[in-house]
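Novice: To start, I am sharing the structure in question, which I have written as C-alpha cells.
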Amino acid sequence: MGLDAAARQFRCRECGSSAHVALYPATRPYYPPMTATDFVAAIYFGSREAAKARKADSTAERAAQRLAEAYARRKAAKPKTTPRPPADLRLVWSKPDA
C-alpha cells in the first residue's frame, strides 16, 4: 500500500475528511557499518571509561571515610578546657609628674 492509499484510510478528527491527512515514511537514523577495528575500539574505550568511573567512586568513598574517622576522633577526644578568665584587674593610674 502506498502513502496516498494509506492516507485515505485515516480521517481528520474535527472535520472527518481524509483530504488533509499527511503521512510520512518512518526512517531510522543511519549508522554506518561497524568494522572490526571500530568494535574493538568501542570495547576498549568503554572499559577504560568504566575503570575511571570506578576509580573516581572509590577515591570519593575513601575521602568520605577519612572525614568520618577524623570527625569521630575529634568528637571522642577530651574537650579542651576553656581558659580561665583573668583575676580581677585593677587599673592603676597615676598623675603624671608636672
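Novice: Relative contact order for the chain: what is it in percent, counting Cα pairs under 8 Å that are at least 6 residues apart? Kindly include the intermediate steps, with their values, before the conclusion.
Specialist: Working: 20 pairs, mean separation 12.2, N = 98.
In percent, rounded to a whole number, it is 12.
Novice: For segment 6-98, which GluC sites (Glu not before Pro) are in a loop by DSSP, counting at most 12 other Cβ atoms within 10 Å?
Specialist: For GluC sites (Glu not before Pro) across segment 6-98 that sit outside H, G, I, E and B with at most 12 neighbouring Cβ atoms in 10 Å, the list reads Glu14.
Novice: Still on this structure, please answer the following. Return one whole number: the accessible area per residue of the chain in Å², for a 1.4 Å probe.
Specialist: Numbers: 10510 Å² over 98 residues.
So the chain comes to 107 Å² accessible per residue, rounded to a whole number.
Novice: Modelling each spin label as a point 7 Å along the Cα-to-Cβ direction, I'd like the Lys75/Val21 distance in nm, to one decimal.
Specialist: 6.9 nm
Novice: Oh, and also: Filter the chymotrypsin sites (Phe, Trp or Tyr not before Pro) in segment 2-54 to those in DSSP coil with at most 16 other Cβ atoms within 10 Å of their Cβ, and list the result.
Specialist: Sparse-neighbourhood loop chymotrypsin sites (Phe, Trp or Tyr not before Pro): Phe10, Tyr30.
Novice: Which percent of Cα pairs goes in each bin when the distances of the chain are cut into 5 angstrom slices starting at zero?
Specialist: Answer for the chain: a P(r) of 2, 8, 6, 6, 5, 5, 5, 5, 5, 6, 7, 6, 5, 4, 4, 3, 3, 3, 3, 2, 2, 2, 1, 1, 0 percent.
Novice: Rounded to a whole number, what % of the accessible area of segment 11-97 do carbon and sulfur atoms account for, probe 1.4 Å?
Specialist: Solvent-exposed carbon and sulfur of segment 11-97 make up 59 percent of the total.
Novice: At 7 Å along the Cα-to-beta-carbon direction for both Asp38 and Ala56, put a label point, then send me their distance in nm to one decimal.
Specialist: 2.7 nm
The values are calculated or read from the model by the stated rules, or taken from the named source; none is laboratory data. Please read these numbers as outputs of a predicted model, since none were measured by experiment. Every residue, glycine among them, receives a Cβ derived from its backbone with ideal geometry; neighbour counts consider all protein chains shown. Heavy atoms of the whole protein, side chains included, go into the accessibility calculation; ligands, DNA and RNA do not. Shrake-Rupley method; radii C 1.70, N 1.55, O 1.52, S 1.80 Å.
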